[in-house]
Structures are given as structure tokens and as C-alpha cells.
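J.: I have a structure I would like to understand better, so I am pasting it below and will then ask my questions one at a time.
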Amino acid sequence: MPHTFSSTVDPTAEPLGGPRVMLYGHDSFGLGHLRRCLTLAAAIQARYPHASTLIATGSPCATHFPLPDGVDVLKLPAVTKRGAAYQPLQLRGPLGPVLDLRCATLRAAFDAFEPDLLLVDHTPVGLGGELLPTLEAARRAGVPCVLGLRDIIDSPLHVARDWSRPEIRRALRELYEDILVYGDPRVFDMREEYPVPPELRSRVQHVGYVVRPHRASSPAASREVPEVLVTTGGGGDGADRIEAYLRSLVGREARWTSRIVTGPLADPQRSERIRELAAGLDRVEVAEFDPQLRSAIANADAVVSMAGYNTCAELLDSDTPAVLLPRTRPRREQFIRAQRLRSLGLAECLVKSGMTEIPAAVEACLDQGRTTRMQLDLRGAERAAELLGALMGEEDSGRVHSLGGHACNL
């Protein structure tokens, strides 16, 4: 499509010289999709320094994180979930017009950016089908589309119901070149756990967990008092767990300090209640947001957290002992993940009925310390970047192989 230049644009400027990748994450709740997209974008830029990567996201925290060179963010109007229904987060009025605006924005961005590849996170057709026109345009233009999925989506019944929808079944069958699973099949093998249609099995590749890098340090060795980090990710629904943690410390002389990070999406009133509870306890610090939370997880002596994908991947990478307090509804994703990690000896897991046991679980983690545990595949971002490069012609295709649905680099 020819571009029309305004008077402020130099038409003699050099065109983009490297591959162009467009990432989509619907981000209706929390930070997980945005953080995973940023990690993948960083891996793409590290492997292909002259690439340009555009992340289209609905996250209200789209500008909270530093961007790698060559990466920019297209902010879509934010949508959130109230109960079982979606609604606009900031804009007034019904959801339909906001989805129409997001749909048109995605389509226009695809036409203007002219990507060499489209990588979609989690939702095969986008929120409310908003991505379908862009997927169709990519197919007509010969632009490969790849779907990236976290290893655990929800209960098998819920996934079967979602994937049986005609528009999703068609998109999976006709509009995607490959399906990358961000996980290690020894924890959860999507091809065995979920009803993957037979025609898709050969395109499903487990590439390993996608984990943000961090600066290694070892302050724990010089600390006289252990530090426990308490985090619920974005904080949109984790206040009850933080409050349960704080209440469990009342009347107890804990031998550790507590650092609470409520999250940028936490409800202000609940955050204030957390601060009030913390004020009555010794050695408890509360912060709303920590841009270096990745490093904080690695450097803590123990972590108390929910069981979101990114947090658990970072815990696995750092070997930090953890007590997981998973969400159990409306999706079972976190509960399934926490139970699997517990069964493998990789974390402790407490559900709501066991919140009073948090101090004892933290004590056990501190006594255990960092130990050599099961070594899982944590190179998902790097491996995904290589596979995406092969689809764009940036790699020698003979070097990238898929064996039995597992990505292997030879």
C-alpha cells in the first residue's frame, strides 16, 4: 500500500531495513500478556538488532515498562472484566463501539506498519473477534501469523468449549502457520491435556517458558534478616491474599522482613487498607509498583505470590522458594499451575481455606533455602525468536527443526 507523506515527514528517509514484527495482546486484566510480549520483543531485538517490533496492547500499564531499542507500543482503548462480562475501562458507553475502534486501529496499524510477521498472544481471534480482519489481511498479503499460548490456559472443559467456537476453530486451522506453547511439557503437555484438533497437532511446538532476564546479585548472603517478597502481579485481584498474609502475621514475631508490592492495578481503597494493616506490624514495607520486580523476585529469600504465568516462570528461573496462593476462579489456570509445581517439588501451594498456614509455609521455605531442583526449559523467548526468524527468512531453515511437537535447535 503506498504511503502518503505529510509535510513533517522526510520522504527521502531510509526505509526500515530489518524485519518488522507486530505483536498483539488483548490485555483485558492484569499485566501478564504485556510482560510476555515485552520479553518476546526483547528476544527478537537481541537476535535481530535491526528489527522493528510493534506491540499492540490494551493494557492500561502499556507505558510503565522500559522498551528495548527498536520496540514501540500501540495503546488500544482499555477493556476490563467485571464478573463474566467485558466493559470499557475508561471510555463511557457500551463495549461494542470500543471493540469496533480497537478492531479498526489494529487493521490500520497492520496496513501502515507492513509487518513481516504477526505474533498473537493467547486469544486466537482477539477480544470479541477484533483481530479477525487483521488476520484475514495477513493471509491475503502472505504474512505468516503465529499464535503464542501459555502452557496452561484453563480447565480442559473450558478450553474445549472455547476452541469449538466456529471462528476460533477456523482461525486455528486456516490462519496460523504455527502454534508456540510457552512452557515445558514435563509440567503440562498441551497436546495431551487439551483437545487439540488432529489437524493442528503437527503445528504445536513447546518452546520453553518465556522469562525476563535480570541482573544477578546475591544480597541474601549479606542480609542478617531474611526478606520475604509478597506480590500479586498487576494487583487487579490480589488484595485479599495480601491482607490474608498480613493478618497471619498479627501477634507473631516473624524472623523475616516483608516487602509488599500491591501492583499498579490494585484498587486504591484496598491498597489503603493494606497500608493500614502493615502500619501495625513490624518490619513490613509496602510499595505500589516496582519496575525491577523481576530482580526483586530473584533476590528475595522467599516469595509469597499468586500463580500467574510470568511470576511462576521467574520463580523457576531464580530458584527462589515460593508459597503460591493461586486464583481458583473464574479460570482454573493458576490453580492447575500451582498444583503441578507443588507436585514436582518446585513450590508450596495454599488455597483460600489454608491462608492461616502462610507463616508456617514461609518458615519452611526459609529453612529450605535455594536448592538444586528440577531443571526446566526456560529458553522460550530465545527459541521463539529463532522460530519466528525462520518464518521471516532470517534464519537458515535447516537449523530449526520440530521433533514430535518440541522445538529443537540443531
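Since every read-out is calculated from the coordinates, none of them should be taken as a lab result. What you see is a predicted model; the values in this text were computed from it and never measured. Because the Cβ atoms are built from the backbone with ideal geometry, glycine has one as well, and the counts that use them run over all protein chains shown.
J.: Describe numerically, in nm with one decimal, the distance between label points set 7 Å from Cα along Cα→Cβ at D100 and at T63.
T.: Going by the 7 Å Cα→Cβ label model, 2.8 nm.
J.: For the stretch 266-308, compute the orientation-averaged projected area of the C-alpha convex hull (one quarter of its surface), in nm². Before the final figure, lay out the partial values.
T.: Numbers: hull surface 15.5 nm².
Average of the hull's projected areas for the stretch 266-308 equals 3.9 nm².
J.: In deg cm²/dmol and to the nearest 500, what is the mean residue ellipticity at 222 nm of the chain if only DSSP H runs of at least 4 residues count, each as -39500 (n - 2.57), divided by the residue total? The partial results should precede the final answer.
T.: Details: 13 runs with 136 residues, N = 410.
Here the helix-only value at 222 nm equals -10000 deg cm²/dmol.
J.: So, one more: Under 8 Å for C-alpha pairs, at least 6 residues apart: give me the relative contact order for the stretch 219-368, rounded to a whole percent.
T.: Numbers: 258 pairs, mean separation 35.3, N = 150.
Reported relative contact order: 24 percent.
J.: Once you keep just the Cα pairs under 8 angstrom separated by 6 or more residues, what percentage relative contact order results for the chain?
T.: Over the chain, the number comes to 15 percent.
J.: Expressed as an acute angle from 0 to 90° and rounded to the nearest 10, what is the orientation of the C-alpha long axis of helix 380-391 relative to the principal long axis of the chain?
T.: With both axes taken from Cα atoms, the answer is about 0 degrees.
J.: Sticking with this structure for a sec: Starting from the Cα of I168, step 7 Å along the direction of its Cβ; do the same at R331; then give the gap between the two resulting points in nm.
T.: In this crude label model, I168 to R331 measures out at 1.1 nm.
J.: Would you mind giving the average projected area, over all directions, of the Cα convex hull of the stretch 219-368 in nm² with one decimal? Can you show the working numbers first?
T.: Details: hull surface 33.0 nm².
The number I arrive at for the stretch 219-368 is 8.2 nm².
J.: I want the local charge near T105. Using Cβ-Cβ distances under 12 Å, sum +1 for each Lys or Arg and -1 for each Asp or Glu among the other residues. Please report the intermediate quantities before stating the final value.
T.: Values: positive: K75, R102, R107; negative: D100, D111, E130.
So the surrounding residues net to 0.
J.: Which percent, to the nearest 5, of DSSP beta bridges fully inside the chain are antiparallel?
T.: Details: 8 of 55 bridges.
Counting only bridges with both partners in the chain, antiparallel ones make up about 15 percent.
J.: How would the stretch 14-80 be classified by its alpha-carbon gyration tensor: rounded, prolate or oblate, with rounded meaning a/c under 1.5 and the a/b versus b/c comparison settling the rest? Walk me through the numbers before you get to the answer.
T.: Details: a/c = 2.52, a/b = 1.94, b/c = 1.30.
Cα axes put the stretch 14-80 in the prolate bin.
J.: Oh, and also: Is the chain best put as rounded, prolate or oblate by its Cα gyration tensor, with a ≥ b ≥ c the root eigenvalues, rounded for a/c under 1.5, and otherwise prolate when a/b is larger than b/c, oblate when not?
T.: Details: a/c = 1.71, a/b = 1.55, b/c = 1.10.
It comes out prolate by the Cα gyration axes.
J.: Which of P68, V143, I55 sits farthest toward the positive end of the charge dipole of the stretch 39-185, with +1 on the Cβ of Lys and Arg and -1 on the Cβ of Asp and Glu?
T.: It is I55.
J.: Quick one: grab the alpha carbon gyration tensor of the stretch 292-399, order the square roots of its eigenvalues as a ≥ b ≥ c, and give me rounded if a/c is under 1.5, else prolate or oblate depending on whether a/b is larger than b/c. Don't skip to the answer; put the middle values down first.
T.: On the way: a/c = 2.76, a/b = 1.92, b/c = 1.44.
Prolate shape, in that a/c is at least 1.5 and a/b is the bigger ratio.
J.: Report the gain in length on full extension from E192 to A160: 0.36 nm times residue separation, minus Cα-Cα distance, nm rounded to one decimal.
T.: Numbers: separation 32, 0.36 × 32 = 11.52 nm, distance 1.28 nm.
My answer for the length gained is 10.2 nm.
J.: Quick one: compute the contact order of the stretch 151-230, relative version, from alpha carbon pairs under 8 angstrom and 6+ residues apart, as a percent. Intermediate results must be reported in sequence, preceding the final value.
T.: Numbers: 59 pairs, mean separation 25.3, N = 80.
It rounds to 32 percent for the stretch 151-230.
J.: Further, regarding this structure: I want to verify a result. In a Gaussian network model of the chain, Cα cutoff 10 Å, which of these has the top mean-square fluctuation: L341, L91, L316?
T.: L91
J.: With the crude spin-label approximation of a point 7 Å out along Cα→Cβ, what separation in nm comes out for E288 versus R252?
T.: For the pair E288/R252, the computed spacing is 2.9 nm.
J.: Follow-up question, since we're still on this one. Please order K352, K81 by the number of other Cβ within 10 Å, starting at the fewest. Before the final figure, lay out each step's value.
T.: Numbers: K352 12, K81 15.
The most exposed by this proxy come first: K352, K81.
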